[in-house]
Amino acid sequence: IAIEATRQNPAKVGKLILASTLYWGPKVVMPSQRAMELLTNRSGDPMELIRRGIEVSTAPGFAEGNPDVVEKLIELRLKSNQPPEQYLRQSAAGGSYTMTGDHITDPAPIDKPTLLTVGDADEVAPPANSEMIAEAWPNAQLLIIKGAGHLLNIEKPDEFNRAVIDFLKG
């Protein structure tokens, strides 16, 4: 969404921050098999789905080492009231975007200063995607946060927030 908004209204965007971003079309590095299974198979106990989602979305050991954060994530997810059908439509839209390349085919680079952040253990949007964007966009800088997964802003909030603040101030 942020990429499209920037393309459609470049004068309204001074800087762009992208976290855990997928590339597009045939170049996309797809989520891990484990993440794809979770994204596409929404059957089963809702609490188990939420817990599996947290496990897939965080670096190995995060859930076990941070039970209080996991409980807060579960609480937030249960309060979101997103119907399962809406989640499936959202996942399907993202899947078609990355697999077909119909939406952005060999796009022109965005020339706005861009901070790309990704966790080195991200199974949902593997780091290679952000690396390709950083190589293609002239004013992009890449931060790969060690020991973080897809929820890098929750797993490593101090490092993530410091990078965002420094980027915005710079």
Output for region 1-38, where each listed residue is aliphatic (A, V, I, L, M) and farther than 12 Å from Ala125 by Cα: Ile1, Ala2, Ile3, Ala5, Ala11, Val13, Leu16, Ile17, Leu38
Residue in region 16-34 that is more than 12 Å from the chain's Cα centre (by Cα), modelled with pLDDT of 90 or more and closer than 14 Å to Pro113 by Cα present: yes
Members of region 47-63 found to be modelled with pLDDT under 95 and loosely packed, with under 12 Cβ neighbours inside 10 Å, listed by number: Met47, Glu48
Residue that is surrounded by the fewest Cβ atoms within 10 Å (Cβ to Cβ), among those in region 125-170 that are part of a helix (DSSP H, G or I) and polar (S, T, N, Q): Asn161
Selection status of Ile154, within 18 Å of Leu16 (Cβ to Cβ), touching a Ser or Thr at 6+ places or on another chain (Cβ under 9 Å) and in contact (Cβ under 8 Å) with a residue 24 or more places away in the chain: no
Residue within region 90-112 that is within 19 Å of the chain's Cα centre (by Cα), at pLDDT 80 or above, under 26 Å from Ala128 (Cβ atoms) and surrounded by 11 or more Cβ atoms within 10 Å (Cβ to Cβ) present: yes
Those residues of region 64-86 which are closer than 18 Å to Ala148 by Cα, surrounded by 17 or more Cβ atoms within 10 Å (Cβ to Cβ) and not β-branched (Val, Ile, Thr), in sequence order: Leu73
Inter-residue pairs, beta-carbon under 6 Å, first touching a residue at least 24 places away in the same chain (Cβ under 8 Å) and of a type in the set (Ser, Thr, Tyr) and in region 16-43, second part of a strand (DSSP E or B) and surrounded by 15 or more Cβ atoms within 10 Å (Cβ to Cβ), 6+ apart: Ser20/Val118
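The values are calculated or read from the model by the stated rules, or taken from the named source; none is laboratory data. Just so we're clear, the structure is a prediction, and the values are computed from it rather than from any experiment. Glycine gets a Cβ as well: all are built from the backbone with ideal geometry, and neighbour counts include every protein chain shown.
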